[in-house]
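The values are calculated or read from the model by the stated rules, or taken from the named source; none is laboratory data. Just so it is clear, the model here is predicted, and its values are computed rather than measured. Reconstructed Cβ throughout: ideal geometry from the backbone, glycine too, with neighbour counts over all protein chains shown. Side chains included, ligands, DNA and RNA excluded: accessible areas come from the protein's heavy atoms. Shrake-Rupley method; radii C 1.70, N 1.55, O 1.52, S 1.80 Å.
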Amino acid sequence: MGMTRRRWIADRWDEATASLSGEQAAHLIRVLRAQTGMEFDIVAGDRVWRGVIAGISGDEVRFNLIAEVEADPALPVTLLLSIFKFDRMEWALEKATELGVERIVPIVARRSEKHLAASAQNRVERWRRIARESAQQSRRSDVPMIEDPTLLKTAARRESEGLRLLLAEQERSTTLRQALSTAMKEAGDEMPRIRMAVGPEGGWAAEEEALFDEEGWKAVSLGPRILRAETAAITAMAVVAAMLE
Ligand code: SAM
């Protein structure tokens, strides 16, 4: 494995320059004693650059971008993550980011607790920050997109492309691995985008399973044991990573 350096996510950039502000800049200046001429890897949008510090002013560090660094793309996976206990959900979000998830849609399912569903919108900024910090921690070149909380019905209909997999513990005939393997064979080299939905702690309601089915989602299993929602989300990501990478 090549050496990976810590990557800094630009707050602003254009074709030739980028700048960091806020906490990242403060860390660079105070902890790493940034000085003009020092080099760091900078993520600007979906590209990574070797940047050389061109100037430091107040709480901003400015870089000249000198060469593009090869980026590792995210896995082509959107996770529909039901809203469940926030601490566990945040853990799932952080780990899914480490494992390469591209996009997460928090969904309000029938059995998402009411008070959590009601305060989910207020959590989104925090979730985006967690995704961003986790992406940086795991040297990702991009930050997964965290959508606004969405009603399950809307999400099941709107997320209508690619391979759509409903993680369901009652499913006995098809495992996630088998479904992926079949899709990969059918698709040849071009892997379709994957969407995976994970239910809340109480699982999916029967009418939700019926709706997913109508919308063309396929139920898949992660094995005979019942996993907690956050374990199911991470396991599903790990299976996809193992098969695609
Ligand atoms: N309703 C279940 C119960 O209490 O018996 C538990 C639901 S489980 C805690 C939460 C979610 O994790 C499920 O809705 C499903 O999406 C996923 N999940 C858990 N175990 C799974 C398995 N063995 N296969 C597929 N998905 C699983």
Inset, instruction - List the number of the failed condition for residue 164; all other conditions in (1) more than 23 Å from residue 86 (Cβ to Cβ); (2) within 14 Å of the ligand (Cβ to nearest atom); (3) open to solvent by 50 Å² or more (accessible area, probe 1.4 Å); (4) at pLDDT 95 or above hold. - result: (3)
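For segment 219-245, how many residues meet the condition of being of a type outside the set (Gly, Ala, Ser) and either more than 12 Å from the ligand (Cβ to nearest atom) or within 17 Å of the chain's Cα centre (by Cα) (or both)? Please lay out each step first, then the result.
Step one: filter segment 219-245 for residues of a type outside the set (Gly, Ala, Ser), giving 220, 222, 224-228, 230-231, 234-235, 237, 239-240, 243-245.
Next cut, either more than 12 Å from the ligand (Cβ to nearest atom) or within 17 Å of the chain's Cα centre (by Cα) (or both) only: 230-231, 234-235, 237, 239-240, 243-245.
Within segment 219-245, residues that are of a type outside the set (Gly, Ala, Ser) and either more than 12 Å from the ligand (Cβ to nearest atom) or within 17 Å of the chain's Cα centre (by Cα) (or both) number 10.
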Inset, instruction - Check whether at least one residue in segment 133-153 is within 14 Å of the ligand (Cβ to nearest atom) and under 21 Å from residue 229 (Cβ atoms), and report yes or no. - result: yes
Legend entry - Pairs where the first residue, in segment 71-98, is without any contact (Cβ under 8 Å) to a residue 12 or more places away in the chain and the second is open to solvent by 10 Å² or more (accessible area, probe 1.4 Å), C-beta under 9 Å, 6+ apart: none
Legend entry - Residues located in segment 167-185, provided they are surrounded by fewer than 16 Cβ atoms within 10 Å (Cβ to Cβ) and more than 16 Å from the ligand (Cβ to nearest atom): 181, 182, 185
Inset, instruction - Those residues that are among the charged types (D, E, K, R), at pLDDT below 95 and in contact with a strand residue (DSSP E or B) (Cβ under 8 Å, 6 or more places away or on another chain), I need them from segment 103-151; list them, please. - result: 132, 139, 140, 142
Inset, instruction - Within segment 128-146, track down each residue that is free of Cβ contacts under 8 Å to residues at least 60 places away in the same chain and either assigned to a helix (DSSP H, G or I) or out of contact with any helix residue (DSSP H, G or I) (no Cβ under 7 Å at 6 or more places or on another chain) (or both). - result: 128, 129, 130, 131, 133, 134, 137, 145
Inset, instruction - Have a look at 90, 39, 98, 113 and point out the one that is over 21 Å from the mean Cα position of the chain (by Cα), acidic (Asp, Glu), on the phi < 0 side of the Ramachandran plot and assigned by TED's automatic domain parsing to the domain that holds residue 141. - result: 113
Legend entry - Residue list for segment 189-198, filter: within 14 Å of the ligand (Cβ to nearest atom) and open to solvent by 10 Å² or more (accessible area, probe 1.4 Å): 195
